[in-house]
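S.K.: What follows is a structure written as structure tokens; I'll ask about it next.
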């Protein structure tokens, strides 16, 4: 049984080429049916060309017409209201109407969140949805960081909800029986941090979960926590800094291997180790950040996403839908709020 995923074909910086190639890659490797959303007159010949290039005749890819696209420079709220036939809006409508199990875009993050809230709505008990990023650790088990950009300014109640949503996502998708949850701060002591972290600490402490207390930036990568909670400003800075550092390490290591390894056998062994290392740090392997808290599956990727990142974004959307994460989050919020789900 194929899982239907709607893909914003006009989202990335170099759209629609990465989206088309990513959709083909996904349909050849995953059990999915991709709905490419965008202008059919543009997409149809490009899709046919790429299909011929890879020698694929029949793949489960459909084109869904959308006459408008939201650009990276568009102001989110204005674009959502003005561009009613945007590829984002049309794709999310497919999710709302049940024609697709999830939606993936590499477009404007703010517009994606605003459109998802408008089209899908939020789960009961959610004030603000949050973007969650999956980051590698020294133990091999990933760490979830949220929010990584959906909410620049947050209140303690928002971080409390983020903790619940992140913990439920770790249980449902990462299959962690008792996720360790930490609050990102500048010190481990309870009194450390700014006003937001100090006020959030007691709220997270009283939650029925494995709360570690405050964690520091290094704890994101040393495997001490499964879920790390912060506001979107700090989370986005941490994420982008991490991506830049990972790129620096990869390039520096490649240069060192090229200049110091002379023996052919040693070069081959080093190349294999380097490729394994590169894959572990490559953000394209993680695909995109799920938007937690909306009534549906919405994955937001980087504007610079290549075809592999698009494919993995589609994979994440399918896994999210299969794991029924929203039902788990809703039950966790019911317990938090002490009220029945709608």
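The values are calculated or read from the model by the stated rules, or taken from the named source; none is laboratory data. What you see is a predicted model, and the numbers here were worked out from it, not measured in a lab. Methodologically, a virtual Cβ is constructed for each residue, glycine included, from the backbone with ideal geometry; neighbour enumeration extends over all protein chains shown.
S.K.: Within the stretch 129-180, restricting attention to residues that are part of a loop (DSSP other than H, G, I, E, B) and farther than 23 Å from residue 287 by Cβ, which residue is modelled with the lowest pLDDT?
M.R.: Looking at the filtered set, the residue picked out is 152.
S.K.: Kindly list the number of the only condition in (1) under 23 Å from residue 336 (Cα atoms); (2) over 14 Å from the mean Cα position of the chain (by Cα) that fails for residue 139.
M.R.: (1)
S.K.: Give 7, 59, 43 a once-over and let me know the one that is modelled with pLDDT of 95 or more and more than 20 Å from the chain's Cα centre (by Cα).
M.R.: 43
S.K.: Moving to a separate point now. For the list (1) over 20 Å from the mean Cα position of the chain (by Cα); (2) without any contact (Cβ under 8 Å) to a residue 24 or more places away in the chain; (3) over 26 Å from residue 332 (Cα atoms), I need the number of the one condition that residue 186 fails.
M.R.: Checking residue 186 against (1) over 20 Å from the mean Cα position of the chain (by Cα); (2) without any contact (Cβ under 8 Å) to a residue 24 or more places away in the chain; (3) over 26 Å from residue 332 (Cα atoms), the one that fails is (2).
S.K.: Tally the residues that are surrounded by 14 or more Cβ atoms within 10 Å (Cβ to Cβ) and either assigned to a loop (DSSP other than H, G, I, E, B) or not assigned by TED's automatic domain parsing to the domain that holds residue 143 (or both), restricting the search to the stretch 189-201.
M.R.: Final tally of qualifying residues: 3.
S.K.: Determine which member of the set 34, 54 is modelled with pLDDT of 95 or more and outside the structural domain of residue 149 (by TED's automatic domain parsing).
M.R.: Being modelled with pLDDT of 95 or more and outside the structural domain of residue 149 (by TED's automatic domain parsing) holds for just one of 34, 54, which is 34.
S.K.: If you don't mind, another one. Sort out for me the helices (runs of 4 or more DSSP H) sitting completely within the stretch 227-342 that have 2 or more residues that are over 23 Å from residue 140 (Cβ atoms) and modelled with pLDDT of 80 or more.
M.R.: Result: 232-260, 307-323, 325-337.
S.K.: Is there any pair linking a residue in the stretch 320-336 that is in contact (Cβ under 8 Å) with a residue 24 or more places away in the chain to one that is surrounded by fewer than 17 Cβ atoms within 10 Å (Cβ to Cβ), with Cβ under 6 Å and at least six apart or on different chains, and which?
M.R.: 330/341; 334/341
S.K.: Please go through (1) surrounded by 14 or more Cβ atoms within 10 Å (Cβ to Cβ); (2) within 13 Å of residue 116 (Cα to Cα) for residue 81 and return the number of the only condition it doesn't satisfy.
M.R.: Every condition holds for residue 81 apart from (1).
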